[in-house]
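**Student:** Quick one: structure below, then a few questions.
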Amino acid sequence: MAGVIDLHCHILPRVDDGAGSLEESVEMAAAALASGTRAIAATPHVRDDWPTEAAVMEARVAEVRAALAEACLPLELLTGAELAFDRVGRLDGAELARLGLGGNPRYLLVEPPYVEWPLAFDRVVQDLAARGFVPVVAHPERNPEIQAEPERLRPLVLGGALAQVTAASVDGRLGRRARASAFELLDRGLAHIVASDAHSAGGRGVGLSAAAEAIGDEQLARWVTEDVPGAIVAGLPVPARPGRSVEPGRSRRRWAWRARA
Ligand SMILES: [Fe+2]
């Protein structure tokens, strides 16, 4: 599947803190298309305050697909979910597979806590990997512990996990710390996907083009917005990161000016 694919988006109506109506879902799709996105994975929260079940997610995806067809919007809508790490253990394998990212039953988008990085999170990610899933860590660059110590993520990546950074972190809309951290992770080979995590058509925004531009390296930008997401959706092996991989910390200076820009 060629083209930009957004693998983290709260586009489904009335399931979480994302789109509040079907009209808003269609608005988000139109804005995404206008910015060059061709497919979106619907990733509603699955956590204690929004315990979305796979059946509900699938029904809402069907509802939005019908609305997109009626509005003649050629955006491909895929299934998915954003699983709170402390909820994963309460879901059986079949339910987890139905919540797979972009419709791929092996990939699971897992949300870490926002304020700390407990060992329990690492254990959940490692357990999933041991069971044959590929955990995708959602927006680690927004976590203060990862901001202070990006290498905290490396054991999980070496264990088979991928990491998704949020477009608004990369392009600076979420502030300097998130931006600097996003570039650190990209630089160190600890980030594999850039996605919007959009909750509405405005605000954090649905497009990935500003983030792709901010990355400044066309090949790397394509890898995180097209190649890796495309491989996940197609069930193909994740392609190697383009360019020479950089030793941890080696090019920190090179990114420093970007983080300040
Ligand atoms: Fe999210």
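**Student:** Mind listing the phi-derived Karplus ³J(HN,Hα) values for the range 208-218, rounded to whole Hz, using 6.51, -1.76 and 1.60 with θ = phi - 60°, and x for any glycine or proline?
**Tutor:** Along the range 208-218, the couplings run 10, 5, 5, 5, 4, 5, 5, 4, x, 10, 4 Hz.
**Student:** Compute the distance in nm between two label points, each set 7 Å from the Cα along the Cα-to-Cβ direction, one at Arg65 and one at Asp86.
**Tutor:** 3.5
**Student:** Applying the Karplus parametrisation 6.51 cos²θ - 1.76 cosθ + 1.60 with θ = phi - 60° to the phi angles of the range 3-8, what ³J(HN,Hα) value in whole Hz is obtained for each residue in order, glycine and proline being reported as x?
**Tutor:** x, 6, 10, 9, 9, 8
**Student:** Another question about this same structure. Enumerate the amide H contacts of Leu162 below 5 Å, restricted to partners 5 or more residues apart or on another chain; note that Pro and chain-start residues carry no placed amide H.
**Tutor:** The list, which skips near neighbours in sequence, is Val136, Val137.
**Student:** Relative contact order, percent, of the chain when contacts are C-alpha pairs under 8 Å separated by at least 6 residues?
**Tutor:** Rounded, it is 20 percent for the chain.
**Student:** Using each residue's phi in the range 81-88, evaluate 6.51 cos²θ - 1.76 cosθ + 1.60 at θ = phi - 60° and report the 3J(HN,Hα) Karplus result to the nearest Hz, with x for Gly and Pro.
**Tutor:** Karplus values, whole Hz, x for Gly and Pro: 5, 10, 8, 5, 4, 7, 9, 4.
**Student:** Given the options Val238, Val136, Val170, which has the most mean-square fluctuation in a GNM of the chain, springs set between C-alpha atoms less than 10 angstrom apart?
**Tutor:** For the chain, modelled as a Gaussian network with Cα springs under 10 Å, the answer is Val238.
**Student:** Specify which residue in the list Ala71, Gly93, Val136 is farthest towards the positive end of the charge dipole of the range 4-260, using unit charges on the beta carbon of Lys, Arg (+1) and Asp, Glu (-1), about the Cα centre.
**Tutor:** Looking along the dipole axis, the top candidate is Val136.
**Student:** Around Pro74, with a cut-off of 13 angstrom between Cβ atoms, what is the net charge of the other residues, counting Lys and Arg +1 and Asp and Glu -1? List each step's numbers first, then the result.
**Tutor:** Values: positive: Arg38, Arg65; negative: Glu70, Glu76.
So the surrounding residues net to 0.
**Student:** On to the next question. Residue farthest toward the positive end of the dipole of the chain, with Cβ of Lys/Arg at +1 and Asp/Glu at -1: which of Gln164, Gly189, Gly20?
**Tutor:** Final value for the positive-end residue is Gly189.
**Student:** Could I ask something else about it? With a 1.4 Å probe and every protein chain left in place, work out the accessible area per residue of the range 4-260 in Å², rounded to a whole number. Display every interim value, and only then the final one.
**Tutor:** Numbers: 10610 Å² over 257 residues.
Spelled out: the 1.4 Å probe surface of the range 4-260, per residue, equals 41 Å².
**Student:** Taking the Cα centre of the chain as origin and charging only Cβ (+1 Lys, Arg; -1 Asp, Glu), how large is the dipole, in debye to the nearest 20?
**Tutor:** On the way: 29 positive and 35 negative charges, 217 e Å.
Value, rounded to 20: 1040 debye.
**Student:** Using unit Cβ charges (K, R positive; D, E negative) and no other charged atoms, how large, in debye to the nearest 20, is the dipole of the range 89-239 about its Cα centre? Don't skip to the answer; put the middle values down first.
**Tutor:** Working: 15 positive and 19 negative charges, 47 e Å.
Roughly 220 debye for the range 89-239.
**Student:** Helix-derived [θ] at 222 nm for the chain: sum -39500 (n - 2.57) over DSSP H runs of at least 4, divide by residue count, nearest 500?
**Tutor:** On the way: 12 runs with 102 residues, N = 261.
Mean residue ellipticity, 222 nm, calculated: -11000 deg cm²/dmol.
**Student:** Also: In a Gaussian network model over the chain where Cα atoms closer than 10 Å are linked, find which of Ala31, Ala81, Ala130 has the largest mean-square fluctuation.
**Tutor:** Between Ala31, Ala81, Ala130, it is Ala130 that shows the largest mean-square fluctuation.
**Student:** Something else now. Compare Pro242, Pro113, Pro144 in a GNM of the chain, Cα atoms joined below 10 Å, and give the one with the largest fluctuation.
**Tutor:** Between Pro242, Pro113, Pro144, it is Pro242 that shows the largest mean-square fluctuation.
**Student:** Can you pull out the GluC sites (Glu not before Pro) in the range 86-169 whose DSSP state is coil and whose Cβ has at most 13 other Cβ atoms within 10 Å?
**Tutor:** Numbers: sites: Glu95, Glu116, Glu141, Glu145, Glu151; in loops: Glu116.
Here the sparse-neighbourhood loop sites are Glu116.
**Student:** Right, next: Determine the order of Val134, Val56 by accessible area, beginning with the largest, at a probe radius of 1.4 Å.
**Tutor:** Numbers: Val134 15, Val56 55 Å².
So the residues, ranked largest to smallest area, are Val56, Val134.
**Student:** Report the FRET efficiency, 1/(1 + (r/R0)^6), for Leu119 and Arg154, where r is their Cβ-Cβ distance and R0 is 25 Å, rounded to 0.05.
**Tutor:** Details: r = 15 Å, r/R0 = 0.61.
Once rounded, the FRET efficiency stands at 0.95.
**Student:** Sticking with this structure for a sec: Just to confirm a number: summing +1 for Lys and Arg and -1 for Asp and Glu over residues other than Pro144 whose beta-carbon lies under 9 angstrom from that of Pro144, what do you get? Don't skip to the answer; put the middle values down first.
**Tutor:** Values: positive: Arg142, Arg177; negative: Glu116, Glu145.
Around Pro144, the surrounding residues sum to 0.
**Student:** To continue, here is another question. Run the numbers for Asp127 and Ala30: contour at 0.36 nm per residue of separation, minus the present Cα-Cα distance, in nm. Mind showing how you got there, number by number?
**Tutor:** Values: separation 97, 0.36 × 97 = 34.92 nm, distance 3.80 nm.
Gain in length upon complete extension: 31.1 nm.
**Student:** Can you work out the PRE-style zone for Arg173? Point 7 Å along Cα to Cβ, and I want the residues of the range 63-95 with backbone N under 16 Å.
**Tutor:** Hits in the range 63-95 for Arg173 at 16 Å: none.
The values are calculated or read from the model by the stated rules, or taken from the named source; none is laboratory data. Just so it is clear, the model here is predicted, and its values are computed rather than measured. Neighbour counts run over all protein chains shown; Cβ positions are idealised from the backbone, glycine included. Remember, those area values only see protein heavy atoms, side chains included, never the ligands or the DNA or RNA. Shrake-Rupley method; radii C 1.70, N 1.55, O 1.52, S 1.80 Å.
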